[in-house]
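*Asks:* One structure coming up, written as structure tokens, with questions to follow.
None of the figures in this text is laboratory data; all of them are computed from the coordinates on show. If you're wondering where the values come from, they're calculated on a predicted model, not measured in any experiment. Here the Cβ is made from the backbone with ideal geometry for all residues, glycine too, and neighbour counts use every protein chain on show.
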Amino acid sequence: MIHIGKKTKSIILAKSISKDNSKNTHRSIVKICKSSKKSKNFTQCNSLIIDKNSSAYTIPCIKSKNKYSYIEHETYSSYIKKEQIFFLLQRGINKKNAKYMILNGFCKKILNMLPIEHSLEIEYNLFKD
Amino acid sequence: MYILNIKNLNVKIKKKKIINNLNLKIKKKEIHILMGPNGSGKSTLSLVIAGNKKYKITKGSILYNNIKINKISTEKRAKKGIFISFQNSIEIHGLNNEFFLQQSLNSIRKYNKKKKLNIIEIRKKIYKIIKKLNFNKNFLYRSLNEGFSGGEKKKNDILQILLLKPNMIILDEIDSGLDIKNLKLIFKIINKFKKKKKSFLIITHNPKIINNLNIDFIHIINKGKIIKSSNKNISKIIEKKGYEKFIKKKYKN
């Protein structure tokens, strides 16, 4: 994300799910030029790790050339907790559905923004196992 | 006819014994209270009844409606009508509260061979219950338990009970975090449910609950064993002197 104009705003939202020994890397650059005073940026990058052997990395890069800008970076990584699945099982929901609910909840913010045509493909990918 | 019958239960977690030879019998239409000092195995007992795989049953059996449920999965136990409200309600990010209630209700109805309800029918049901509980409608569209206050989480558990209508209900510290008005409301609901042939096992530290509920038995548990079972009268002694009196007696013998 490169800011040039005055009082500009931007949001970066990245979510990743790692499965089957995969490695996920998030790299981003936020550059704020000298001319773009009083601009804002918010970067959020969350990762969900399902397997024991898969991993997730985040390498953010921030370059700011004026004193009046506001830049924020937030990141966390999480896994599906056993308590969460136990809770959903206790309410009569089967294990496959319970996992799907938690995964769907994790990436809901992004799924809502994508066009409807993609929804079938996403469902197939999440349900694959 | 017992709805829940626990015989000589022994439970282990990683070589540490938590429950020793525990016996407990609950009939239909009864409210039982379980009390005891911290770390005596109250919450563990509730999780074992729900079927958490972390805890291993080394000896004894749990009978539900005269059927042994030692090896039945958590999901099936829930469908048969066992409901547990956890001490710390679990938060799930992004899971719509209403969607969760729909899924839960429909899967339980399917198991009991009832007709599947559509979204509008369920929503009508939920709105009725919300009115009873003085809830704001907005909370249905928030994530499950995320950002709820302590009292709201407990009220959400009560909402699930009213919707799912289970037969055996285990409440773990339902009174913590609730204000007086809501607490009275919940006592009212529990007393009403008792008349509908539902049974309760309530885990609590607060002896004041006993005066407000129509209670049949009080059990005191220590080190994984029930050391005293009695009726309502025992509550005054607990309120004045705590559990020590019963625990010391056991050691002297």
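*Asks:* Counting alpha carbon pairs within less than 8 Å and at least 6 residues apart, what relative contact order, in whole percent, applies to chain B?
*Replies:* Relative contact order comes out at 28 percent.
*Asks:* Quick check on my link table: of A:LYS81/B:LYS15; B:LYS68/B:LYS124; B:LYS132/B:LYS232, which ones sit more than 27 Å apart, alpha carbon to alpha carbon? Could you put the intermediate results ahead of the total?
*Replies:* Numbers: A:LYS81/B:LYS15 23 Å; B:LYS68/B:LYS124 37 Å; B:LYS132/B:LYS232 29 Å.
With Cα atoms farther than 27 Å apart: B:LYS68/B:LYS124; B:LYS132/B:LYS232.
*Asks:* Out of the DSSP beta bridges found with both residues in chain B, what percent are antiparallel (nearest 5)?
*Replies:* On the way: 24 of 41 bridges.
Around 60 percent antiparallel, to the nearest 5.
*Asks:* Quick one: order A:CYS61, A:CYS107, A:CYS45 by neighbouring beta-carbon count within 10 Å, fewest to most. Intermediate results must be reported in sequence, preceding the final value.
*Replies:* Numbers: A:CYS61 9, A:CYS107 18, A:CYS45 21.
Ranked by crowding around the Cβ, least crowded first: A:CYS61, A:CYS107, A:CYS45.
*Asks:* Bin by bin, in steps of 10 Å, what percent of the Cα pairs in chain B do you find, going until the bin that has the longest distance?
*Replies:* 6, 29, 36, 22, 6, 1, 0
*Asks:* Under the rule of at least 5 residues apart or a separate chain, name every residue whose amide H is placed under 5 Å from the amide H of A:TYR79.
*Replies:* The list, which skips near neighbours in sequence, is A:ILE49.
*Asks:* Could you give the nm distance between label points at A:MET113 and B:LYS124, where each point is 7 Å from its Cα heading toward the beta carbon?
*Replies:* Distance between the two pseudo-spin positions: 4.0 nm.
*Asks:* Taking a temperature of 25 °C and a viscosity of 0.890 mPa s, what whole-number D in µm²/s does Stokes-Einstein yield for the range A:6-74 with Rh from Kirkwood over alpha carbon pairs?
*Replies:* Details: Rh = 13.3 Å.
Using the Kirkwood radius from Cα pairs, D works out to 184 µm²/s.
*Asks:* Gain in length, B:LYS71 to B:GLU146, computed as 0.36 nm per residue apart minus the alpha-carbon separation, to one decimal in nm? Don't skip to the end; give the middle numbers.
*Replies:* Details: separation 75, 0.36 × 75 = 27.00 nm, distance 3.25 nm.
Gain on extension, B:LYS71 to B:GLU146, equals 23.7 nm.
*Asks:* Show the residues, 5+ positions off or on another chain, whose built amide H is closer than 5 Å to the amide H of A:HIS73.
*Replies:* Excluding prolines and chain starts, which carry no amide H, the hits are A:THR43.
*Asks:* Can you put A:LYS99, B:LYS53 in order of Cβ neighbours within 10 angstrom, beginning with the fewest?
*Replies:* Numbers: A:LYS99 18, B:LYS53 10.
In order of increasing Cβ crowding within 10 Å: B:LYS53, A:LYS99.
*Asks:* Could you give the Stokes-Einstein D for the range B:1-146 in µm² per second, using the C-alpha Kirkwood radius, 20 °C, 1.002 mPa s? Write down the numbers at each step before the final one.
*Replies:* On the way: Rh = 17.7 Å.
Value of D from the Cα-based Kirkwood radius: 121 µm²/s.
*Asks:* Please compute, for peptide B:88-100, the average count of beta-carbon atoms on other protein chains lying within 10 Å of each residue's beta-carbon. Walk me through the numbers on the way to the answer.
*Replies:* Values: counts 1, 1, 8, 4, 10, 8, 10, 9, 4, 0, 0, 3, 5.
That average works out to 5.
*Asks:* Give the relative contact order (percent, whole number) for chain A; include only Cα pairs under 8 Å separated by 6+ residues. Present the calculation step by step, with values, prior to reporting the outcome.
*Replies:* Numbers: 212 pairs, mean separation 30.1, N = 129.
Relative contact order, chain A: 23 percent.
*Asks:* With 10 angstrom as the radius, rank B:ASP216, B:ASP172 by how many other C-beta atoms surround their C-beta, starting from the fewest. List each step's numbers first, then the result.
*Replies:* Numbers: B:ASP216 17, B:ASP172 22.
If I rank by nearby Cβ atoms, fewest first, I get B:ASP216, B:ASP172.
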